[in-house]
Amino acid sequence: MEALDLARWQFGITTVYHFIFVPLTIGLSLLVAIMQTRAVFSKDPARKDAWTRMTKFFGSMLIVNFGIGIATGIVQEFQFGMNWSEYSRFIGDVFGAPLALEGLAAFFVESVFLGLWIFGWGKMPEKIHLLTIWAVALATTGSAYFIVAANSFMQHPVGATLNPETGRAELDPSQGSLLAVLTNVTTLAAFPHVVSGAWLVAGAFLTGVAAWHMVRHHNRARELGFETEEGQEQHLAARDLYRPTVRFGVVAMCVAAVALVISGDFQAQIMFKQQPMKMASAEALCETETGASFSILSVGGPEAFAQDCEDVTHLIEVLYVTSFLATHTFDATLQGVDDLNAQYKDQFGETATDIHGNEVELDYRPNLFVTYWSFRLMMGLAAFSGILALWTLWVTRGKGENARTTGSKRFQWFAVLAIPMPFFANAAGWVFTEIGRQPWVVHPNPDDPTIRLMTMQGVSSHPGWMVLTSLVAFTLVYGVLAVLWFGMMRRAALKGVPLATRDPETDELDTPTLSFDY
Amino acid sequence: MDAMLDPTVLQTLWFALIAFFFLGYFVLEGFDFGVQMNVATFWRRGIGTRGTILKTIGPVWDGNEVWVITGGALMFAAFPEWYATLFSGFYLALLLLLLVLIVRVCAFKWRDKVDSDRWKNSWDVVHIIGGFAPALLWGVAFGNIVAGVAIDENRWVTTSLLGLLNPFALLAGVVFVLLFWLHGTHYLALKVEGRLREDANRLAGILVWPTIVAGAAFLLWFQLAHSNTWFTLIPVAVAALALIAAVPLHRRRREGLAFGATTTAIAAAAITLFGGLFPYVMPATNDPANSLTVANASSTEHTLTVMLVALCLFLPLVIGYTIWAYRVFRHRVSDEDSPAPGAELLEKAKKGYREAFEQG
């Protein structure tokens, strides 16, 4: 493999890995903030106590997750310079701005206030302490905004012009400058999609972990007998401690689902206008079609997709859906990948010069096998969250004294199984949108295609072995950290919330505190 | 040639701002590195004491690290060519630095999440590496930046990793380690009590001498061989005076002032390096025409203006809440060998938690 391929693999691996943890941090910091808010403002001491303990329980997992997210984020910041120096020179004038804003406006807040939140329990007034977790939650979401704005410039450059003298993209006041970059329509569509994706991750996580314990306490209560005092305690833990959290997770998932569908629909519409090649690759649509169908299942290996799609057989097709996704009409004409390829060759040339001055033959088609399947994985995996939400609502139906919990082992295992699915869906979504943009690293804006850069023109001039060294080093270290992360998350999740004990003499509730700081 | 050495006011201001962010990083994260190094110095005191040492920086290290992350991003925005040449050119050194910074973050966040001696001992080793290695690597990197490396006409660095390990850069690495170690020891003396505080003061009294010798040798070498102006003699003198002033200060247990002295010394050293580098950002040793300068590596005046506005909006806020965070955690952390009042309550609560958990 050449340095270019290795550099692409490295960026892909480090970025997908980073984005395992990021959505959970974004989503969970918000849900923890909401739980702590309920704790602070509850009048009923029992509810206050329950939400406080839930806040600390999920807070301890948030901290474990935050750590690895920060650690892997450092690499993201510097690897543009390391492996993509020519890209950085080309785009730095524009692209550096949202990255710097992310640091100034979001990352500083996140880091300082996370420290205040972790170490500040009991050191400051309750409501001020509550504000620190809200600052963290808003800042993580703000981070996502600036990063998505930076990425959107690569998908659809706005606010800048090409300086013919230097050959670099430069912020241009007559094009709206930084404000245009931050209000790029691509950003406005992608940001809600990314953030609601994060909420789905966190909602499923909350529901999955809390459901596990709810079922556990329910069954323990049944073993001990509901009439015994201990059995009653277990029953109350299931009903009053975990059930509200289980259902709160479902609420988060439902809100996320609605936002995901709306923002995803909006994104498909503008993607069709801005990057028709990506839309066609989502369906692996080789020939131009009117009223294009959406295939749910196709047969054919990567080689079949790479050729003229003749060997790819669509097994199940839903008529007109792809056209509808792209334009909201059933009979829209979608250009196929091959026609677009020919068109781009006309417009942008059959060959291009790489960083070493060699002329390279161009193929403007992305890897269709990857785009086709990642697009389906992204949407298909959501089914797990849907089933989890409905199943949970059913087994926890009822109100007040009639509120139900369940002892179903099948439900318990499904709830846990459903936790990782939105993580995979998020990764698949990013793989789709980034691979679908290839061979461009900065995709030309159809209205003014002067700002554009091919991926092979953005890479640093490194020998292959050097990139291979870093690729292997990052992969090994990340692999070890993933194992440790999983072990700690599992441990923290299994621990559960300590139950309150009643002092037999004074009849006062004694709530053990979860030690929190490090 | 003249145009590339003649930056505009705005470009000069941005060079100073990048220098300010690195200065902030070295002053703030510098004591974090030093405190982590002291996990090694006090290794034999056991896991509890090591935990106490780390606790002194627990709430603040993360915010301190953001200074370099934001500094790097601002460099990307204001001097894209500098960013691209530097980070691609120092590839393997930067790779090492990144790997250490990654595991170091995990050491902070994860050390106390598992109640096992083996687990904590392992992370404490990572803490020691996480203190020494980044200090050394930053020193080597800055030694090479100010002394210059070979750069071709494409602005690609052609000096190899072995070439980066030259005597001047290695001395810079040693100076960074010693300076941060001393700085962190002053911070530790300021933040703990009892025996640990006494020992930290004593350690500072020993560390200060090699720091003065190595620091003076490095800064004078830089001044004579690489600095582009005689004005940097002023910060060199300030750094030297500050370090010498630290000697009587920790003898008299004036820990706040001693910490102030190393803060001044680090700030003065950073000003010396960046001040002596100006008007270059990456001087080329092979052909001066290939050098990256403040004038030829920067973004457009428009981008610099926009980012300056953004910086003016956010930087005061950042400084404001950072000061507040330091105020909230201004109290000394007590050593677990000599428990402070109220410690038994915490123990009782922990015991209650364990009992309750085993029931469930």
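Read-outs: derived from the displayed coordinates by stated rules, not from any lab. These numbers were taken from a predicted model, which means no experiment stands behind them. No Cβ is skipped: glycine too gets one built from the backbone with ideal geometry, and neighbour counts run over all protein chains shown.
Taking other residues whose beta carbon is less than 11 angstrom from the beta carbon of B:W82, and scoring Lys, Arg as +1 and Asp, Glu as -1, yields +1. Gyration tensor analysis over the Cα atoms of the protein assembly as shown returns equivalent ellipsoid semi-axes of 44, 43, 20 Å (largest first, whole Å).
Fully extending the segment from B:N121 to B:T8 would add 35.4 nm, taking 0.36 nm per residue of separation and subtracting the current Cα-Cα distance. The DSSP beta bridges internal to the protein assembly as shown are antiparallel in roughly 90% of cases. Taking 56 Å as R0, compute the FRET efficiency from the Cβ-Cβ separation of A:V185 and A:V416 and round it to 0.05. The value I calculate is 0.90. With a ≥ b ≥ c taken as the square roots of the eigenvalues of the C-alpha gyration tensor of segment B:81-174, please select rounded if a/c is under 1.5 and otherwise prolate if a/b is larger than b/c or oblate if it is not? Prolate.
Which of B:L292, B:L203, B:L23 sits closest to the plus end of the dipole of segment B:3-347, meaning its Cα is farthest towards the positive end, when Lys and Arg get +1 and Asp and Glu get -1 on the C-beta? My answer, from the dipole projection, is B:L203.
Rounded to the nearest 10 degrees, the inclination of helix B:167-191 to the longest alpha-carbon principal axis of chain B is 40 degrees.
List the residue ranges in chain A for DSSP H helices whose C-alpha atoms run 15 angstrom or more along the long axis and whose Kyte-Doolittle average is 1.0 or above.
A:3-41, A:108-119, A:382-395, A:464-495
About the Cα centre of chain A, what is the dipole size in debye to 20, counting +1 per Lys and Arg Cβ and -1 per Asp and Glu Cβ, all else neutral? Dipole of chain A, to the nearest 20 debye: 2300 debye. Of B:L315, B:V35, B:I234, whose Cα points farthest to the positive end of the dipole of segment B:3-347 (charges on the beta-carbon: +1 Lys, Arg; -1 Asp, Glu; origin at the Cα centre)? Of B:L315, B:V35, B:I234, it is B:V35. Here the spin labels are modelled as points 7 Å beyond Cα on the Cα-Cβ line, and at B:N228 and A:Q269 they lie 5.3 nm apart. Across all C-alpha atoms in chain A, the radius of gyration and Dmax reach 25.4, 87 Å. Centroid-to-centroid, using Cα positions, segment A:235-280 and segment B:69-139 are 35 Å apart. In percent, rounded to a whole number, the relative contact order of chain A is 20, using alpha-carbon pairs under 8 Å and six or more apart.
Largest GNM mean-square fluctuation among B:F31, B:F15, B:F314, using chain B with Cα springs under 10 Å: B:F314. The P(r) of segment B:3-347 has a tail past 34 Å containing 26 percent of all C-alpha pairs.
If R0 equals 25 Å, the separation of the Cβ atoms of A:S461 and B:T285 corresponds to a calculated FRET efficiency of about 0.85. Distance from the C-alpha centroid of segment A:424-452 to that of segment B:144-173: 36 Å, rounded to the whole angstrom.
Taking every residue in B:294-303 and counting other chain Cβ atoms within 10 Å of its Cβ, the average works out to 4.
Counting alpha carbon pairs within less than 8 Å and at least 6 residues apart, what relative contact order, in whole percent, applies to segment B:3-347?
27 percent
Which is farthest toward the positive dipole end of chain A among A:M454, A:N83, A:L200, measuring Cα position about the Cα centre, with Cβ charges +1 (Lys, Arg) and -1 (Asp, Glu)? Sorting the options by dipole projection puts first A:L200.
Computed from point charges on the beta carbon alone (+1 for Lys and Arg, -1 for Asp and Glu), the dipole magnitude for the protein assembly as shown about its Cα centre is near 3820 Debye. Note on chain B: GNM, Cα springs under 10 Å; of B:A216, B:A135, B:A239, the largest mean-square fluctuation is that of B:A216.
Neighbours of A:V109 by Cβ distance under 12 Å: Lys/Arg scored +1, Asp/Glu scored -1, total -3.
On the beta carbon distance between A:V16 and A:V40, with R0 = 35 Å, the FRET formula returns roughly 0.40. Taking every C-alpha pair closer than 8 Å and separated by at least 6 residues, the mean separation divided by the residue count of segment A:151-191 gives a relative contact order of 42 percent. Between amide H atoms placed 1.01 Å from N, distances below 5 Å from A:V441 occur with A:L453, A:M454, A:T455, all of them 5 or more places distant or on a separate chain. Local charge for A:L417 was computed over the other residues whose Cβ lies under 15 Å away, with Lys and Arg +1 and Asp and Glu -1, and equals +3. Once divided by 2.2 N^0.38 Å, the Cα radius of gyration of segment A:1-58 becomes 1.93.
Roughly how many whole Å is it from the C-alpha centroid of segment B:278-336 to that of segment B:15-52? Comparing the Cα centres of segment B:278-336 and segment B:15-52, I get a distance of 20 Å.
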